[in-house]
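A quick write-up on the structure given underneath.
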Amino acid sequence: MTKMIQRSHPDAEKINPILHNIIMERSDKLDKGALMTNWDCFSIPEFISIADYARSLTEQPSQLVDLWGQLYNRGHYQEYHDHREIDWAFVYYVNTPKGSSPLVFLNHGRYYPKSGDIILFPGHEQHYVPPNQCDGRSIIAGNLVHS
């Protein structure tokens, strides 16, 4: 499984302002250079709707095991890492103001997202986010395993 899946959410304009507010309110921990919510945002229906959309894009049935939001302000980043024990990881881009950092993959180059984009990738793919050049870049991320 080495393919990447990239799509645009059909209801992004409607749901993204709501998602961004939730992320802004709940991102209160610094993790590897960015602010984040708890890892287990399973009780937030709006986050679950994004996870369900991600699950609908995979070819095999999958189970959601982690779900969180992150807020990147100026200078925030994410270190190189992977999700090795995970079949699919996803990132949904809620807010991407001018100056938003790309998602960089070791083997697949840079991905410059726009609000409403989702990218799914195999968990073993190493990736990072270079220092952000704006305030308010927000994402929802999650991990899926085959059921």
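Here are the numbers for the structure shown:
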| quantity | calculated |
| --- | --- |
| Per-region count, the stretch 25-51, residues touching a residue at least 40 places away in the same chain (Cβ under 8 Å) and more than 23 Å from Glu79 (Cβ to Cβ) | 3 |
| Any hit, the stretch 113-121, residues being within 26 Å of Glu46 (Cβ to Cβ), among the hydroxyl-bearing types (Ser, Thr, Tyr) and assigned to a strand (DSSP E or B) | no |
| Residue that is surrounded by the fewest Cβ atoms within 10 Å (Cβ to Cβ) [pool: residues in the stretch 27-51 that are outside any loop (DSSP other than H, G, I, E, B) and charged (D, E, K, R)] | Asp40 |
| Selection from the stretch 1-26 of residues that are surrounded by 15 or more Cβ atoms within 10 Å (Cβ to Cβ), outside any helix (DSSP H, G or I) and touching a Gly at 6+ places or on another chain (Cβ under 6 Å) | His9 |
| Sole residue being on the phi < 0 side of the Ramachandran plot, surrounded by 15 or more Cβ atoms within 10 Å (Cβ to Cβ) and either touching a strand residue (DSSP E or B) at 6+ places or on another chain (Cβ under 8 Å) or not charged (D, E, K, R) (or both), chosen from His146, His81, His108 | His108 |
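Yes/no matrix, rows are residues, columns are (1) small (Gly, Ala, Ser); (2) in a loop (DSSP other than H, G, I, E, B); (3) without any contact (Cβ under 8 Å) to a residue 12 or more places away in the chain:
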{"residue": "Tyr53", "(1), (2), (3)": "no, no, no"}
{"residue": "Gln60", "(1), (2), (3)": "no, yes, no"}
{"residue": "Arg74", "(1), (2), (3)": "no, yes, no"}
{"residue": "Tyr93", "(1), (2), (3)": "no, no, no"}
{"residue": "Asn107", "(1), (2), (3)": "no, yes, no"}
{"residue": "Arg110", "(1), (2), (3)": "no, no, yes"}
{"residue": "Ile140", "(1), (2), (3)": "no, no, no"}
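A short reminder: the numbers here are calculations on the coordinates, not readings from a lab. Treat the numbers as computed from the prediction; the structure is a model and nothing was measured. Cβ: placed from backbone, ideal geometry, glycine included. Neighbour counts: every protein chain shown.
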